[in-house]
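Any read-out appearing in this document is the output of simple, stated calculations on the displayed coordinates, not a laboratory observation. Just so we're clear, the structure is a prediction, and the values are computed from it rather than from any experiment. Here the Cβ is made from the backbone with ideal geometry for all residues, glycine too, and neighbour counts use every protein chain on show.
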Amino acid sequence: MELNGKRVTLGVTGGIAAYKAAELVRLLVRQGAAVRVAMSEAATRFVTPTTFQALSGNPVAVDPWDAGVANGMAHIQLAREADVLLIAPASADFLAKAANGVADNLLTTLTLARGCPLLVAPAMNRQMWHNPATQRNIATLAGDAVGILGPASGELACGESGEGRMLEPEEIVEELIAHFQPKPLQGRKVLVTAGPTFEAIDPVRGLSNLSSGKMGFAVARAAREAGAEVTLVCGPVALPTPRGVTRIDVTSALEMQAQVMLRAVTQDVFVGVAAVSDYRPRSVSEQKIKKDGSPPPVIELVENPDILAEVAALPRPPLCVGFAAETRNLAEYAETKRRAKKIPLLAGNLIQDGFGGDANRLTLFDDNGQRALEPAPKLTLARQLMARAAALLENPHAPY
Ligand code: PMT
């Protein structure tokens, strides 16, 4: 229920993507939002107001002169009652009017009359999207602090392929949730590692661990929600990339080290969530090792570089945030690890709590003490961790 108590006015313009707005309403309501829908006349040719009424549980506004609304001011009322105005899909025509302050129907009028932030999810043919007029309008809207969500690239309703597809309803909801989060990392750069590493023994076998990547992906999403430009370097995991995050896939610890060290000096914060393999086989067999009756092979291991310690040892390191996964003595081991690696902030978790699941239990350690966070979904904990990192960036002695 990430949107509990939020009032969303959804404007639907005329376009084939209007059918996806129905699913969008369902997802918004499921996240706890109170949704009011306003449609353009053209949108009603694709989906009926009854559909939106049934899904939102509220009457749908189409007519700016609706006699059912007290004093006939539907546009003012819808704009006043919202925490955010979201237009999805937003047609080229709507964007042109909104960019120029035109108020000639219900949607454009309530856009002009709003007192709340405006987010638009464009959807149109790729040539309409790339037309200089549309691009000019988008630039104007972005300059007016309007949030532009997408569009995505892919198959378009007209049969062509390219940029112009409306974001999927799930992606729009993720953007809306991010919109409502505080922005203590605005303008900052955050680099995150996530998942396990895989150290090859031969072409089919290797050493790895059970990290799913969920905690690291949650940290990347929380950092982006907090306003940062986020790069995520991850080992082999099967998770969707959080919206707006740049993802770099790697396999081994050496590859992870190379990708991290390429970027570390330009970052404000580095968060090592990855369960990096401490060792790798000294040599990798080119061919599959066969069971041919000879004694089992002996695999000699060598130590992998400690990526977090290496970043922390840079002449001007970013604020380094480590993780420690322990089976026992969490406070003692975590604090020892933090001091050994010389990092300002570390999140400790027990292996039985942290690996694999959607929730976790974290204790934060820094020079100002320690704080046990309430057990919670990984995203909730990641937000708290990023808030602490942001506070320490501002003031290394920030009290809890
Ligand atoms: O991915 P999930 O299933 O969601 O699980 C999350 C998690 C349990 C993996 C995560 O919360 C966690 O605890 N990650 C760190 C796990 C770990 O093995 O830590 P460590 O004690 O080996 O390493 C301490 C710190 O040094 C970590 O920040 C690690 O990223 C870093 N490190 C370790 C070894 C190495 N060679 N290079 C490193 O950078």
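Here are a few things to note about the model shown:
- Annotation for Ala372 and Arg247: the two label points, set 7 Å from Cα along the Cα-Cβ direction, are 3.5 nm apart.
- Ranking Ala152, Cys116, Gly216 by Cα position along the charge dipole of the chain, where only Lys, Arg, Asp and Glu carry charges on their C-beta atoms, puts Gly216 farthest toward the positive end.
- Rounded tilt (10° steps) of 214-225 against the dominant C-alpha axis of the chain: 50 degrees
- Evaluated at q = 0.08, 0.09 Å⁻¹: base-10 log I(q)/I(0), Debye formula over Cα of the chain: -0.54, -0.65
- Placing unit charges on the Cβ atoms of the charged side chains and taking the dipole of region 7-180 about its Cα centre, the candidate lying farthest along the positive direction among Leu141, Pro169, Val102 is Val102.
- Close amide H contacts of Leu301 (hydrogens built in the peptide plane, cut-off under 5 Å, sequence separation of 5 or more or a different chain): Arg282.
- The charge dipole of the chain, taken about its Cα centre with unit charges on the Cβ atoms of Lys, Arg (+1), Asp and Glu (-1) only, comes to about 380 debye.
- Each peptide in 17-30, 274-287 receives the mean, over its residues, of other Cβ atoms within 10 Å, and ordering these scores from highest gives 17-30, 274-287.
- Greater than 32 Å apart at Cα, pairs in Lys6/Lys337; Lys6/Lys97; Lys288/Lys337: Lys6/Lys337; Lys288/Lys337
- Highest average packing first - 385-391, 47-53, Cβ atoms within 10 Å: 385-391, 47-53
- Rounded to 10°, Cα long-axis angle of helix 169-179 versus longest principal axis of the chain: 80 degrees
- Annotation: amide H of Ala359 within the under-5 Å range of Lys378, sequence separation 5 or more or interchain, hydrogens built in the peptide plane.
- Relative protection proxy for 76-89, 296-309, 160-173, from highest mean packing down: 76-89, 160-173, 296-309 (other beta-carbon atoms within 10 angstrom).
- Our summary gives the chain a relative contact order of 11 percent, counting only alpha carbon pairs under 8 angstrom and 6 or more residues apart.
- For Thr197, net neighbour charge (Lys/Arg +1, Asp/Glu -1) across residues whose Cβ lies under 12 Å away: -3
- Residue-wise HN-Hα couplings along region 143-157, as the Karplus relation 6.51 cos²θ - 1.76 cosθ + 1.60 with θ = phi - 60° gives them from phi, are x, 8, 6, 7, x, 9, 9, x, x, 9, 9, x, 5, 10, 4 Hz; Gly and Pro carry x.
- Cα-based Rg / Dmax (Å) for region 7-180: 14.8, 46
- In this simple spin-label approximation, Asp353 and Val302 carry label points 7 Å from Cα along the Cα→Cβ vector, and these lie 3.8 nm apart.
- Gap separating the Cα centres of region 264-278 and region 330-378, nearest whole Å: 15 Å
- Projected label distance in nm at Ala142 and Ala340, using a 7 Å step from Cα toward the beta-carbon: 4.6 nm
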